[in-house]
Amino acid sequence: KAGTDSESGPNPNDATIKAFQELAAFYERTKQSWRNMAYRKGVSALRRQTRRIKSYDEAIQIPGIGDSLATKVVEMYRRGKLEKLEYARLEPRDLILQKFTKIYGVGINIAEKWYDAGHRSLADLVANVKLTENQQIGIDHYDDFNTRIPRAEMDSLASIVKDAASELDPEIEVTVGGSYRRGALTSGDIDFMITKPNTTHTSQLLLFLKELVEHLIEIGFLVAALAVPSGRRDDSGSKWHGACVHPVTAEIPTPIWRRIDLLLVPASEWGAALIYFTGDDIFNRSLRLKASTMSMRLNQRGLYKDVMRGPGRVKVTEGSLVEGRDERKIFEALGVAWRTPEQRIV
Ligand code: DCP
Ligand code: MG
Ligand code: MN
């Protein structure tokens, strides 16, 4: 009779049934058909029960309920909600795009292309996509590259590079920029800026970079080269992107692959480059905006005035250099009060 019908009537396990139905729908949307099936079976199995299922042992004995579902039956009984479901309620498309864009060198465009082609996991990509060498490295070391670097390890990585550099050429100066220079306790990667007194062009530093990289590969510190991320293309060869790994020590018994950027900077551009590579990116944007309101232009090479722009604000000439060498003087020329690197967070 109505109300006790095993398909539609109230059931002591209603809350769990609802949660399982929602999970099944999530797995259907994300094309995880095996899990979708498992939860749909679980729903039918629970509907046949007349008592509230409270323990793992009770649940696992029900045909159609396996280990994973039995655990969730208990979770529903104890917490009244499922952690997995809270996760599933987030937009799956966004979650997957987020996962894909965390592959080094993969931007939103590639991620969306993969999503639209039906790929939903890293395993999908490995099995079905012709990956570039970079993307393959990014996936092979996905967890490593997404693990932040503690400041103590940053110090240690820095001294390895600094020691190697000064051995090759004592006049070379190496500075760690990026979030490290802003005082961050952990960093996403390590950004090295390399310069030498009296240089005015990166070409004067290219040979050094080549030797430094070769040496660091030889000692096993640099473990992979990665192409320059698209959108930041620079053909001058003045940058090197890749991965490094700290030698095994008592403090670092199982080394993690770390992202490393090496950047050549002529002494004449040191101040502008320091500003750019110290960031953060939002602060940089605000400085560039300030420059443009003063009819100037700030980039990683210098602050310029009298930049000529044609139709559509297209740059016609670079203009004349106001300042490149000195970080503080660039702030002054922009009329911006000096901010220590630690204060450059908008
Ligand atoms: N930068 C920028 N705009 C970008 C990318 C970078 O202005 N689109 C500048 C500011 C950054 C610096 O380059 O501080 C280094 O770039 P990173 O991507 O290494 O960023 P951070 O070092 O600031 O942070 P993280 O700890 O994540 O490496
Ligand atoms: Mg960085
Ligand atoms: Mn970087």
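Can you go through Ala225, Ala184 and tell me which one is out of contact with any Leu (no Cβ under 7 Å at 6 or more places or on another chain), under 23 Å from Ile103 (Cβ atoms) and away from ligand 1 (no atom under 16 Å from the Cβ)? Before you say what the answer is, go through the steps one by one.
Details: Ala184 fails: away from ligand 1 (no atom under 16 Å from the Cβ).
Just one listed residue meets the conditions, Ala225.
Answer with yes or no whether Thr278 is within 15 Å of ligand 3 (Cβ to nearest atom) and among the β-branched types (Val, Ile, Thr).
Numbers: within 15 Å of ligand 3 (Cβ to nearest atom): yes; among the β-branched types (Val, Ile, Thr): yes.
Yes.
Go through Leu263, Leu216, Leu206, Leu212 for me and flag whichever is hydrophobic (A, V, I, L, M, F, W, C), closer than 25 Å to Lys329 by Cβ and either within 16 Å of ligand 3 (Cβ to nearest atom) or touching a strand residue (DSSP E or B) at 6+ places or on another chain (Cβ under 8 Å) (or both).
Working: Leu216 fails: closer than 25 Å to Lys329 by Cβ; Leu206 fails: closer than 25 Å to Lys329 by Cβ; Leu212 fails: closer than 25 Å to Lys329 by Cβ.
Result: Leu263 is the single residue among Leu263, Leu216, Leu206, Leu212 that is hydrophobic (A, V, I, L, M, F, W, C), closer than 25 Å to Lys329 by Cβ and either within 16 Å of ligand 3 (Cβ to nearest atom) or touching a strand residue (DSSP E or B) at 6+ places or on another chain (Cβ under 8 Å) (or both).
Quickly run through the stretch 126-153 and pick out the residues that are touching a His at 6+ places or on another chain (Cβ under 7 Å), touching a residue at least 12 places away in the same chain (Cβ under 8 Å) and in a helix (DSSP H, G or I).
Glu153
Tally the residues that are closer than 20 Å to Pro266 by Cβ, of a type outside the set (S, T, N, Q) and not in a loop (DSSP other than H, G, I, E, B), restricting the search to the stretch 277-304.
As a first pass, look at the stretch 277-304 and keep what is closer than 20 Å to Pro266 by Cβ: 277-278, 284, 297-304.
Keeping just the survivors that are of a type outside the set (S, T, N, Q) gives 277, 297-298, 301-304.
In the following step, the residues that additionally are not in a loop (DSSP other than H, G, I, E, B) were identified as 277, 297-298, 302-304.
So the answer is 6.
Pairs, please: C-beta under 8 Å, at least 6 apart or cross-chain, first residue free of Cβ contacts under 8 Å to residues at least 40 places away in the same chain and in the stretch 187-207, second within 15 Å of ligand 1 (Cβ to nearest atom)?
Close Cβ pairs (under 8 Å, with a partner that is within 15 Å of ligand 1 (Cβ to nearest atom)) amount to Ser187/Arg148; Ser187/Ile149; Ser187/Arg151; Ser187/Met154; Ser187/Gly178; Ser187/Ser179; Ser187/Tyr180.
Go through Gly242, Gly220, Gly271 for me and flag whichever is part of a loop (DSSP other than H, G, I, E, B) and modelled with pLDDT of 95 or more. Outline the logic, then answer.
Working: Gly242 fails: part of a loop (DSSP other than H, G, I, E, B); Gly271 fails: part of a loop (DSSP other than H, G, I, E, B).
The match here is Gly220.
Being within 16 Å of ligand 1 (Cβ to nearest atom) and of a type outside the set (Lys, Arg) is the filter here, so list the residues in the stretch 247-268 that pass it. Let's see the steps before the verdict.
Step one: list which residues in the stretch 247-268 are within 16 Å of ligand 1 (Cβ to nearest atom), which gives 256-265.
Across the stretch 247-268, the qualifying residues are Ile256, Trp257, Ile260, Asp261, Leu262, Leu263, Leu264, Val265.
Determine whether Leu69 is surrounded by 13 or more Cβ atoms within 10 Å (Cβ to Cβ) and within 30 Å of His141 (Cα to Cα).
Values: surrounded by 13 or more Cβ atoms within 10 Å (Cβ to Cβ): yes; within 30 Å of His141 (Cα to Cα): no.
Answer is no for this residue.
Tell me the residue from Gly138, Gly178, Gly183 that is surrounded by fewer than 20 Cβ atoms within 10 Å (Cβ to Cβ) and either of a type in the set (Gly, Ala, Ser) or within 16 Å of ligand 2 (Cβ to nearest atom) (or both), please. Spell out how you get there, then give the answer.
Details: Gly138 fails: surrounded by fewer than 20 Cβ atoms within 10 Å (Cβ to Cβ); Gly178 fails: surrounded by fewer than 20 Cβ atoms within 10 Å (Cβ to Cβ).
Being surrounded by fewer than 20 Cβ atoms within 10 Å (Cβ to Cβ) and either of a type in the set (Gly, Ala, Ser) or within 16 Å of ligand 2 (Cβ to nearest atom) (or both) holds for just one of Gly138, Gly178, Gly183, which is Gly183.
Failed condition for His119, given (1) crowded, with 19+ Cβ neighbours inside 10 Å; (2) in contact (Cβ under 8 Å) with a residue 60 or more places away in the chain; (3) over 19 Å from the mean Cα position of the chain (by Cα); (4) not in a helix (DSSP H, G or I), with all others met?
Every condition holds for His119 apart from (2).
Considering only residues that are within 16 Å of ligand 1 (Cβ to nearest atom), out of contact with any Lys or Arg (no Cβ under 6 Å at 6 or more places or on another chain) and either free of Cβ contacts under 8 Å to residues at least 40 places away in the same chain or part of a strand (DSSP E or B) (or both), which ones fall in the stretch 166-181?
Quick first cut of the stretch 166-181, residues within 16 Å of ligand 1 (Cβ to nearest atom) only: 174-181.
Still in the list and also out of contact with any Lys or Arg (no Cβ under 6 Å at 6 or more places or on another chain): 175-181.
Hits for the stretch 166-181 are Thr175, Val176, Tyr180.
Is it the case that some residue within the stretch 31-54 is outside any helix (DSSP H, G or I) and touching a strand residue (DSSP E or B) at 6+ places or on another chain (Cβ under 8 Å)? Let's see the steps before the verdict.
Step one: filter the stretch 31-54 for residues outside any helix (DSSP H, G or I), giving 31-32, 48-54.
Retained after the next criterion (residues that are touching a strand residue (DSSP E or B) at 6+ places or on another chain (Cβ under 8 Å)): none.
Scanning the stretch 31-54 turns up no residue that is outside any helix (DSSP H, G or I) and touching a strand residue (DSSP E or B) at 6+ places or on another chain (Cβ under 8 Å).
The values are calculated or read from the model by the stated rules, or taken from the named source; none is laboratory data. Since the structure is predicted, the reported quantities are computational estimates derived from the model, not experimental observations. Every residue, glycine as well, gets a Cβ built from its backbone with ideal geometry; the counts of neighbours run over all protein chains shown.
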